[in-house]
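Following: one structure in C-alpha coordinates, then a few remarks.
The values are calculated or read from the model by the stated rules, or taken from the named source; none is laboratory data. A quick note: this is a predicted structure, and the numbers were derived from the prediction, not measured. Glycine also receives a Cβ, built like all others from the backbone with ideal geometry; neighbour counts cover every protein chain displayed. Surface accessibility is based on the protein's heavy atoms, side chains included, excluding ligands, DNA and RNA. Shrake-Rupley method; radii C 1.70, N 1.55, O 1.52, S 1.80 Å.
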Amino acid sequence: MTQGGEKQVILAFDTCLDKMYITLKSGEKVLSSEIVENHDEKYHSAFLISTIKEILKKNNLTPKDIDLIATNVGPGSFTGIRACTTVARIMAQQLNCKAIGVSSLEILAKLAPIVALDARKEKAYLYCDNEIKGAVPLDEVKVKCEGKDIITDNKLKPILGGSSYQEMKAPLGEFLAELAVEKAKDADCDWRKLKPLYIQPPPMG
(Lines give C-alpha, C1' and ligand atoms only; values in the text may rest on other atoms or scores of the structure.)
Protein backbone atom coordinates (compact mmCIF):
# COMPACT_ATOMS: atom_id res chain seq x y z
CA MET A 1 0.00 0.00 0.00
CA THR A 2 1.08 3.57 -0.62
CA GLN A 3 2.81 5.20 2.30
CA GLY A 4 3.25 8.94 2.89
CA GLY A 5 3.88 10.81 -0.35
CA GLU A 6 4.29 7.74 -2.53
CA LYS A 7 2.21 7.49 -5.68
CA GLN A 8 -1.06 5.56 -5.65
CA VAL A 9 -0.90 2.21 -7.44
CA ILE A 10 -4.02 1.45 -9.50
CA LEU A 11 -4.93 -1.90 -11.03
CA ALA A 12 -7.74 -1.64 -13.59
CA PHE A 13 -9.24 -4.55 -15.50
CA ASP A 14 -12.15 -5.14 -17.82
CA THR A 15 -13.50 -8.46 -19.10
CA CYS A 16 -16.96 -7.14 -20.07
CA LEU A 17 -16.23 -6.18 -23.66
CA ASP A 18 -14.89 -8.05 -26.69
CA LYS A 19 -11.34 -8.17 -25.30
CA MET A 20 -9.77 -8.10 -21.86
CA TYR A 21 -8.08 -4.85 -20.89
CA ILE A 22 -5.68 -4.62 -17.93
CA THR A 23 -3.82 -1.49 -16.89
CA LEU A 24 -1.40 -0.88 -14.02
CA LYS A 25 -0.61 2.70 -13.05
CA SER A 26 1.54 4.41 -10.45
CA GLY A 27 0.24 7.92 -10.05
CA GLU A 28 -0.07 9.32 -13.58
CA LYS A 29 2.45 6.86 -15.04
CA VAL A 30 1.15 3.84 -16.95
CA LEU A 31 3.35 0.88 -15.97
CA SER A 32 1.55 -1.71 -18.13
CA SER A 33 -1.41 -1.69 -20.48
CA GLU A 34 -2.36 -5.09 -21.89
CA ILE A 35 -5.09 -6.26 -24.25
CA VAL A 36 -5.93 -9.98 -24.27
CA GLU A 37 -8.19 -11.64 -26.85
CA ASN A 38 -10.07 -14.94 -26.74
CA HIS A 39 -7.69 -17.84 -27.29
CA ASP A 40 -8.25 -21.49 -28.31
CA GLU A 41 -11.99 -21.22 -27.67
CA LYS A 42 -11.32 -19.88 -24.17
CA TYR A 43 -13.07 -16.63 -23.27
CA HIS A 44 -10.52 -13.94 -22.46
CA SER A 45 -11.62 -13.65 -18.81
CA ALA A 46 -10.05 -17.09 -18.22
CA PHE A 47 -6.66 -15.35 -18.43
CA LEU A 48 -7.46 -12.54 -15.97
CA ILE A 49 -5.69 -13.85 -12.86
CA SER A 50 -2.61 -15.09 -14.71
CA THR A 51 -2.27 -11.79 -16.59
CA ILE A 52 -2.56 -9.76 -13.38
CA LYS A 53 0.20 -11.88 -11.81
CA GLU A 54 2.43 -11.42 -14.86
CA ILE A 55 1.95 -7.64 -14.91
CA LEU A 56 2.70 -7.24 -11.21
CA LYS A 57 5.79 -9.45 -11.45
CA LYS A 58 7.06 -7.57 -14.51
CA ASN A 59 6.85 -4.32 -12.53
CA ASN A 60 8.38 -5.75 -9.34
CA LEU A 61 5.15 -5.25 -7.43
CA THR A 62 2.99 -7.53 -5.32
CA PRO A 63 -0.78 -7.47 -4.77
CA LYS A 64 -0.12 -5.73 -1.42
CA ASP A 65 1.23 -2.72 -3.31
CA ILE A 66 -2.19 -2.05 -4.89
CA ASP A 67 -4.13 0.93 -3.50
CA LEU A 68 -7.15 0.97 -5.80
CA ILE A 69 -8.78 -1.75 -7.89
CA ALA A 70 -10.98 -0.56 -10.75
CA THR A 71 -13.22 -2.73 -12.88
CA ASN A 72 -15.84 -2.46 -15.59
CA VAL A 73 -19.23 -3.39 -14.10
CA GLY A 74 -21.16 -3.55 -17.40
CA PRO A 75 -23.14 -3.59 -19.52
CA GLY A 76 -21.45 -6.25 -21.62
CA SER A 77 -20.90 -9.98 -21.55
CA PHE A 78 -22.69 -11.43 -18.52
CA THR A 79 -19.84 -13.93 -18.10
CA GLY A 80 -17.31 -11.11 -18.31
CA ILE A 81 -19.20 -8.87 -15.87
CA ARG A 82 -19.39 -11.65 -13.28
CA ALA A 83 -15.71 -12.51 -13.76
CA CYS A 84 -14.21 -9.08 -13.25
CA THR A 85 -16.53 -7.92 -10.46
CA THR A 86 -15.97 -11.15 -8.55
CA VAL A 87 -12.18 -10.95 -8.89
CA ALA A 88 -12.20 -7.25 -7.92
CA ARG A 89 -14.32 -7.88 -4.81
CA ILE A 90 -12.21 -10.83 -3.64
CA MET A 91 -8.90 -9.04 -4.22
CA ALA A 92 -10.06 -5.85 -2.51
CA GLN A 93 -11.39 -7.80 0.47
CA GLN A 94 -8.18 -9.81 0.88
CA LEU A 95 -5.90 -6.83 0.36
CA ASN A 96 -8.08 -4.41 2.36
CA CYS A 97 -7.81 -1.87 -0.44
CA LYS A 98 -10.26 0.36 -2.27
CA ALA A 99 -12.39 -0.91 -5.15
CA ILE A 100 -14.62 0.94 -7.57
CA GLY A 101 -16.70 0.12 -10.63
CA VAL A 102 -17.08 2.06 -13.87
CA SER A 103 -19.66 1.41 -16.59
CA SER A 104 -18.48 0.29 -20.03
CA LEU A 105 -20.66 3.09 -21.42
CA GLU A 106 -18.70 5.69 -19.45
CA ILE A 107 -15.42 4.15 -20.60
CA LEU A 108 -16.41 4.23 -24.27
CA ALA A 109 -17.72 7.78 -23.89
CA LYS A 110 -14.06 8.83 -23.75
CA LEU A 111 -14.14 8.16 -27.52
CA ALA A 112 -17.39 9.97 -28.39
CA PRO A 113 -20.18 11.76 -26.49
CA ILE A 114 -22.83 9.19 -27.50
CA VAL A 115 -22.43 5.45 -26.96
CA ALA A 116 -24.91 2.81 -28.13
CA LEU A 117 -24.22 -0.90 -27.59
CA ASP A 118 -26.31 -3.88 -28.62
CA ALA A 119 -28.78 -4.84 -25.87
CA ARG A 120 -30.63 -7.43 -28.01
CA LYS A 121 -34.41 -7.45 -28.39
CA GLU A 122 -34.23 -4.44 -30.76
CA LYS A 123 -32.71 -2.25 -28.06
CA ALA A 124 -29.41 -0.50 -27.38
CA TYR A 125 -27.68 0.46 -24.17
CA LEU A 126 -27.51 4.22 -24.59
CA TYR A 127 -25.21 6.78 -23.01
CA CYS A 128 -25.61 10.46 -23.87
CA ASP A 129 -25.87 13.84 -22.16
CA ASN A 130 -23.28 12.48 -19.69
CA GLU A 131 -25.57 9.79 -18.30
CA ILE A 132 -26.71 6.23 -18.84
CA LYS A 133 -30.17 6.20 -20.39
CA GLY A 134 -30.75 2.45 -20.07
CA ALA A 135 -31.85 -0.09 -22.69
CA VAL A 136 -33.60 2.07 -25.29
CA PRO A 137 -35.59 0.89 -28.36
CA LEU A 138 -33.47 1.09 -31.50
CA ASP A 139 -35.95 3.38 -33.27
CA GLU A 140 -35.46 5.97 -30.54
CA VAL A 141 -31.69 5.52 -30.57
CA LYS A 142 -31.57 6.09 -34.34
CA VAL A 143 -33.29 9.44 -33.94
CA LYS A 144 -30.98 10.42 -31.09
CA CYS A 145 -27.82 9.42 -32.97
CA GLU A 146 -28.64 10.61 -36.48
CA GLY A 147 -25.85 12.76 -37.88
CA LYS A 148 -23.89 12.71 -34.62
CA ASP A 149 -20.52 11.36 -33.55
CA ILE A 150 -21.23 8.03 -31.86
CA ILE A 151 -19.41 4.92 -30.67
CA THR A 152 -21.14 1.61 -31.13
CA ASP A 153 -20.30 -2.05 -31.80
CA ASN A 154 -20.02 -4.20 -34.92
CA LYS A 155 -23.62 -5.34 -34.71
CA LEU A 156 -25.19 -1.88 -34.51
CA LYS A 157 -22.77 0.04 -36.73
CA PRO A 158 -24.65 -0.89 -39.95
CA ILE A 159 -27.86 0.32 -38.32
CA LEU A 160 -26.69 3.43 -36.45
CA GLY A 161 -23.56 4.45 -38.31
CA GLY A 162 -20.72 5.94 -36.30
CA SER A 163 -17.61 4.00 -35.30
CA SER A 164 -17.34 0.55 -33.73
CA TYR A 165 -15.05 0.29 -30.71
CA GLN A 166 -14.35 -3.30 -31.81
CA GLU A 167 -12.54 -1.99 -34.89
CA MET A 168 -10.32 0.30 -32.82
CA LYS A 169 -7.24 -0.26 -30.67
CA ALA A 170 -8.28 2.23 -28.03
CA PRO A 171 -6.58 2.01 -24.59
CA LEU A 172 -9.83 1.22 -22.78
CA GLY A 173 -7.99 -0.09 -19.72
CA GLU A 174 -6.26 3.26 -19.36
CA PHE A 175 -9.58 5.07 -19.74
CA LEU A 176 -11.00 2.84 -16.99
CA ALA A 177 -8.12 3.68 -14.65
CA GLU A 178 -8.49 7.43 -15.29
CA LEU A 179 -12.23 7.38 -14.65
CA ALA A 180 -11.80 5.27 -11.52
CA VAL A 181 -9.40 7.77 -9.96
CA GLU A 182 -11.88 10.59 -10.55
CA LYS A 183 -14.82 8.58 -9.20
CA ALA A 184 -12.86 7.45 -6.15
CA LYS A 185 -12.49 11.05 -4.99
CA ASP A 186 -16.20 11.28 -4.17
CA ALA A 187 -17.34 7.65 -3.91
CA ASP A 188 -17.47 5.02 -1.19
CA CYS A 189 -14.81 2.58 -2.39
CA ASP A 190 -15.78 -0.28 -0.06
CA TRP A 191 -15.59 -3.57 -2.01
CA ARG A 192 -19.04 -4.50 -0.65
CA LYS A 193 -20.53 -1.69 -2.75
CA LEU A 194 -19.03 -3.09 -5.95
CA LYS A 195 -21.80 -4.83 -7.89
CA PRO A 196 -22.49 -5.73 -11.53
CA LEU A 197 -24.51 -3.24 -13.56
CA TYR A 198 -27.29 -5.32 -15.07
CA ILE A 199 -29.44 -2.82 -16.98
CA GLN A 200 -31.44 -5.80 -18.24
CA PRO A 201 -31.73 -9.14 -16.40
CA PRO A 202 -29.25 -11.85 -17.46
CA PRO A 203 -30.58 -14.29 -20.07
CA MET A 204 -32.14 -17.45 -18.67
CA GLY A 205 -30.65 -20.84 -19.41
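Do you know which of the residues in the stretch 155-181 that are of a type in the set (A, V, I, L, M, F, W, C) and touching a strand residue (DSSP E or B) at 6+ places or on another chain (Cβ under 8 Å) is farthest from A70 (Cα to Cα)? Explain how you work it out, then say what you get.
At the first step, the residues of the stretch 155-181 found to be of a type in the set (A, V, I, L, M, F, W, C) are 156, 159-160, 168, 170, 172, 175-177, 179-181.
Filter once more, keeping what is touching a strand residue (DSSP E or B) at 6+ places or on another chain (Cβ under 8 Å): 156, 160, 172, 176-177, 179-181.
Values: L156: 28, L160: 30, L172: 12, L176: 7, A177: 6, L179: 9, A180: 6, V181: 9 Å.
Applying the filter and picking the extreme gives L160.
Just checking, how many residues over the stretch 167-204 are within 23 Å of S32 (Cα to Cα), in a helix (DSSP H, G or I) and open to solvent by 60 Å² or more (accessible area, probe 1.4 Å)?
The number of residues fulfilling the criteria is 4.
Given the options I114, I107, name the one that is open to solvent by less than 50 Å² (accessible area, probe 1.4 Å), under 29 Å from I90 (Cα atoms) and in contact with a Phe, Trp or Tyr (Cβ under 9 Å, 6 or more places away or on another chain). Full working, then the answer.
Numbers: I114 fails: under 29 Å from I90 (Cα atoms).
Unique residue meeting the criteria: I107.
Mind listing just one residue for me: the one in the stretch 21-47 that is surrounded by 20 or more Cβ atoms within 10 Å (Cβ to Cβ) and at pLDDT 90 or above and, of those, farthest from N96 (Cα to Cα)?
As a first pass, look at the stretch 21-47 and keep what is surrounded by 20 or more Cβ atoms within 10 Å (Cβ to Cβ): 21-25, 44-45.
With at pLDDT 90 or above added as a condition, the list becomes 21-25.
Values: Y21: 23, I22: 20, T23: 20, L24: 18, K25: 19 Å.
Taking the candidates together, the pick is Y21.
Would you check if there is a residue in the stretch 89-100 being aliphatic (A, V, I, L, M), over 16 Å from the mean Cα position of the chain (by Cα), open to solvent by 70 Å² or more (accessible area, probe 1.4 Å) and under 19 Å from K157 (Cα atoms)?
No; the residues of the stretch 89-100 include none that is aliphatic (A, V, I, L, M), over 16 Å from the mean Cα position of the chain (by Cα), open to solvent by 70 Å² or more (accessible area, probe 1.4 Å) and under 19 Å from K157 (Cα atoms).
Specify which of the listed residues (T71, T51) is among the hydroxyl-bearing types (S, T, Y), open to solvent by less than 10 Å² (accessible area, probe 1.4 Å) and either in a strand (DSSP E or B) or on the phi < 0 side of the Ramachandran plot (or both). Explain how you work it out, then say what you get.
Values: T51 fails: open to solvent by less than 10 Å² (accessible area, probe 1.4 Å).
Answer to the selection: T71.
May I ask you to say which residue of L156, L105, L117 is out of contact with any Pro (no Cβ under 9 Å at 6 or more places or on another chain) and modelled with pLDDT of 95 or more?
Answer to the check: L156.
So A12 clears everything in (1) modelled with pLDDT of 95 or more; (2) hydrophobic (A, V, I, L, M, F, W, C); (3) open to solvent by 10 Å² or more (accessible area, probe 1.4 Å) except one condition, right? Which one?
Against the list (1) modelled with pLDDT of 95 or more; (2) hydrophobic (A, V, I, L, M, F, W, C); (3) open to solvent by 10 Å² or more (accessible area, probe 1.4 Å), A12 comes up short only on (3).
Which of (1) closer than 15 Å to L48 by Cβ; (2) surrounded by fewer than 22 Cβ atoms within 10 Å (Cβ to Cβ) is the odd one out, the single condition N130 does not satisfy?
Every listed condition holds for N130 apart from (1).
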